[in-house]
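First up is the structure itself, then whatever we jot down about it.
The values are calculated or read from the model by the stated rules, or taken from the named source; none is laboratory data. As the structure is a prediction and not an experimental result, all values here were calculated from the model. Neighbour counts are summed over all protein chains in view; Cβ atoms, including those assigned to glycine, are modelled from backbone coordinates with ideal geometry.
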Amino acid sequence: MKLGFVGLGHMGTAMAAQLLAAGHALTVHNRTSAKAEPHVKNGAMLAETTGKAAKGEAVVTMLADDAAVEAAVFGPDGILEALAPGAIHISMSTISVALAERLGEVHGERGQLFISAPVFGRPDAAAAGKLFIVAAGPAAAIATCQPVFDVLGQRTFVVSEHAPNANVVKLSGNFLIASVIEALGEAFALIDMAGIDRAQYLDLLVSTLFGAPVYKTYGGLIAEERYQPAGFKAELGYKDVGLALYAARDLDVPMPLASLIAERFRMLIEAGGKDFDWSALGLLAKRDSGVATPLKSKIRD
């Protein structure tokens with residue numbers, strides 16, 4: 001396909017490389033153009049604006065938050081102005097349900113197609129083409145984009161023809177991951193204080209009742225305290241749990257655990273952990289048990 005790709009952070013860089021390697025004709029754009037240079041050397045075209053990246057059959061956005069997506073779509077020479085009728089905007093970012101609703105509406109008004117296709121997986125999974133993709137939108141558009149999804153992911157889950165439903169699934173999933181991280185952090189803080197070996201404890205967990213990838217991945221990061229460089233920053237985790245809470249409010253669904261975890265992320269960020277991996281909730285639990293950590297000391301009222 002003739003594709004545009006907007007957003008070359010850790011995830012976007014890996015995804016764009018996969019698409020190039022698979023032979024897709026790729027035009028890339030990033031706010032910091034230097035990040036596009038490796039892709040240009042490998043055959044991609046460089047777009048100076050998001051609009052110039054949206055001249056093909058489809059354009060992918062993989063950006064950090066609602067504000068970045070809004071700027072790419074609605075800004076000067078943005079995607080909305082440039083995308084041809086019948087062409088597809090594939091939003092793979094983790095954005096709010098409300099923004100996905102708005103994007104579906106405005107693209108529809110112009111005869112453009114919109115798919116929400118957020119992903120589960122960290123940058124290493126993106127680099128291996130092993131993401132899990134949650135797709136929602138018009139069935140024909142998803143079928144057109146399936147070859148793209150097949151390159152980027154090991155499986156695509158089509159959940160609805162209503163695009164924002166994919167964002168509900170993604171936000172609920174990130175809430176579940178954050179819940180596991182917080183629980184693991186507290187459990188490791190407990191066994192630390194008892195003098196139990198972290199590696200041995202992790203082996204016990206993942207060899208028995210907790211063999212799921214989320215426990216293996218985040219249990220390993222917490223056990224080894226590998227919080228930098230961040231695969232997914234704590235500030236993004238805070239953002240995603242907040243978006244889950246916004247969605248829950250709009251649907252009148254109580255989420256008391258999500259409120260607690262949002263507060264834990266807020267505390268981690270205030271303690272200096274903004275740029276740590278979101279698994280550094282485990283570091284917060286360790287600090288709160290009275291052990292010295294790289295975080296700022298606990299503030300007591």
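When residues of the stretch 265-290 are filtered for being of a type in the set (Lys, Arg) and either out of contact with any Asp or Glu (no Cβ under 9 Å at 6 or more places or on another chain) or buried (at least 23 other Cβ atoms within 10 Å of the Cβ) (or both), how many remain? First the steps, then the outcome.
First, the residues of the stretch 265-290 that are of a type in the set (Lys, Arg): 266, 274, 286-287.
When the remaining residues are screened for being either out of contact with any Asp or Glu (no Cβ under 9 Å at 6 or more places or on another chain) or buried (at least 23 other Cβ atoms within 10 Å of the Cβ) (or both), the result is 266, 287.
The qualifying residues number 2.
Would you mind stating whether GLU105 is of a type in the set (D, E, K, R) and closer than 25 Å to LEU245 by Cα? Spell out how you get there, then give the answer.
Working: of a type in the set (D, E, K, R): yes; closer than 25 Å to LEU245 by Cα: yes.
Here the answer is yes, as GLU105 does meet what is asked.
Within the bounds of the stretch 257-273, is there any residue that is in the same structural domain as GLU225 (by TED's automatic domain parsing), outside any helix (DSSP H, G or I) and under 21 Å from the mean Cα position of the chain (by Cα)? Explain how you work it out, then say what you get.
To start, the set of residues in the stretch 257-273 that are in the same structural domain as GLU225 (by TED's automatic domain parsing) comprises 257-273.
Then keep just the ones that are outside any helix (DSSP H, G or I); that gives none.
Checked against the condition, which is being in the same structural domain as GLU225 (by TED's automatic domain parsing), outside any helix (DSSP H, G or I) and under 21 Å from the mean Cα position of the chain (by Cα), the stretch 257-273 yields no hits at all.
Given the criteria in a helix (DSSP H, G or I), closer than 22 Å to ILE269 by Cα, assigned by TED's automatic domain parsing to the domain that holds VAL180 and in contact with a helix residue (DSSP H, G or I) (Cβ under 9 Å, 6 or more places away or on another chain), does GLY231 qualify? Give the steps one after another, and end with the answer.
Details: in a helix (DSSP H, G or I): no; closer than 22 Å to ILE269 by Cα: yes; assigned by TED's automatic domain parsing to the domain that holds VAL180: yes; in contact with a helix residue (DSSP H, G or I) (Cβ under 9 Å, 6 or more places away or on another chain): yes.
Taking the combined requirement at face value, the residue does not satisfy it.
Give GLY86, GLY108 a once-over and let me know the one that is without any contact (Cβ under 8 Å) to a residue 40 or more places away in the chain, surrounded by fewer than 21 Cβ atoms within 10 Å (Cβ to Cβ) and outside any helix (DSSP H, G or I). Explain how you work it out, then say what you get.
Details: GLY108 fails: outside any helix (DSSP H, G or I).
Step by step, each of GLY86, GLY108 is checked, and only GLY86 is without any contact (Cβ under 8 Å) to a residue 40 or more places away in the chain, surrounded by fewer than 21 Cβ atoms within 10 Å (Cβ to Cβ) and outside any helix (DSSP H, G or I).
What single numbered condition from (1) at pLDDT 95 or above; (2) more than 22 Å from ALA140 (Cα to Cα) fails to hold for ALA34?
Single failed check for ALA34: (1).
Residues TYR246, TYR218: which one is surrounded by fewer than 17 Cβ atoms within 10 Å (Cβ to Cβ), of a type outside the set (Gly, Ala, Ser) and in contact (Cβ under 8 Å) with a residue 40 or more places away in the chain?
Numbers: TYR218 fails: surrounded by fewer than 17 Cβ atoms within 10 Å (Cβ to Cβ).
Exactly one residue qualifies, and that residue is TYR246.
Mind checking whether some residue in the stretch 104-127 is assigned by TED's automatic domain parsing to the domain that holds ARG31, charged (D, E, K, R) and under 18 Å from the mean Cα position of the chain (by Cα)? Can you show your working first?
Let us first name the residues in the stretch 104-127 that are assigned by TED's automatic domain parsing to the domain that holds ARG31, namely 104-127.
Remaining after also requiring charged (D, E, K, R): 105, 109-110, 122, 124.
Filter once more, so that each one left must be under 18 Å from the mean Cα position of the chain (by Cα): 122, 124.
Taking every residue of the stretch 104-127 in turn, at least one turns out to be assigned by TED's automatic domain parsing to the domain that holds ARG31, charged (D, E, K, R) and under 18 Å from the mean Cα position of the chain (by Cα).
Out of all the residues in the stretch 157-171, is one or more within 18 Å of the chain's Cα centre (by Cα), hydrophobic (A, V, I, L, M, F, W, C), closer than 18 Å to MET15 by Cβ and surrounded by fewer than 22 Cβ atoms within 10 Å (Cβ to Cβ)?
yes
Scan the stretch 41-70 residue by residue and report those that are touching a residue at least 12 places away in the same chain (Cβ under 8 Å) and surrounded by fewer than 15 Cβ atoms within 10 Å (Cβ to Cβ). Step through it out loud before you land on a result.
First, pick out the residues of the stretch 41-70 that are touching a residue at least 12 places away in the same chain (Cβ under 8 Å): 42-66, 68-70.
Result: ASN42, GLY43, GLU48.
Among the residues in the stretch 227-247, are any in contact with a Leu (Cβ under 7 Å, 6 or more places away or on another chain), within 30 Å of THR208 (Cα to Cα) and of a type in the set (Val, Ile, Thr)?
No, the conditions are met nowhere in the stretch 227-247.
Taking the criterion of being part of a helix (DSSP H, G or I), crowded, with 18+ Cβ neighbours inside 10 Å, in the same structural domain as VAL119 (by TED's automatic domain parsing) and in contact with a strand residue (DSSP E or B) (Cβ under 7 Å, 6 or more places away or on another chain), would at least one residue in the stretch 172-180 satisfy it?
So far as the stretch 172-180 goes, no, none of its residues is part of a helix (DSSP H, G or I), crowded, with 18+ Cβ neighbours inside 10 Å, in the same structural domain as VAL119 (by TED's automatic domain parsing) and in contact with a strand residue (DSSP E or B) (Cβ under 7 Å, 6 or more places away or on another chain).
For the stretch 127-143, give me each residue that is more than 16 Å from GLY12 (Cβ to Cβ) and outside any loop (DSSP other than H, G, I, E, B).
PHE132, VAL134, ALA135, ALA136, ALA139, ALA140, ALA141, ILE142, ALA143
Looking at the structure I just gave you, is ALA125 farther than 20 Å from ALA58 by Cα and either touching an Asp or Glu at 6+ places or on another chain (Cβ under 8 Å) or buried (at least 19 other Cβ atoms within 10 Å of the Cβ) (or both)?
Values: farther than 20 Å from ALA58 by Cα: yes; either touching an Asp or Glu at 6+ places or on another chain (Cβ under 8 Å) or buried (at least 19 other Cβ atoms within 10 Å of the Cβ) (or both): yes.
Considered against the rule, which asks whether it is farther than 20 Å from ALA58 by Cα and either touching an Asp or Glu at 6+ places or on another chain (Cβ under 8 Å) or buried (at least 19 other Cβ atoms within 10 Å of the Cβ) (or both), ALA125 comes out as yes.
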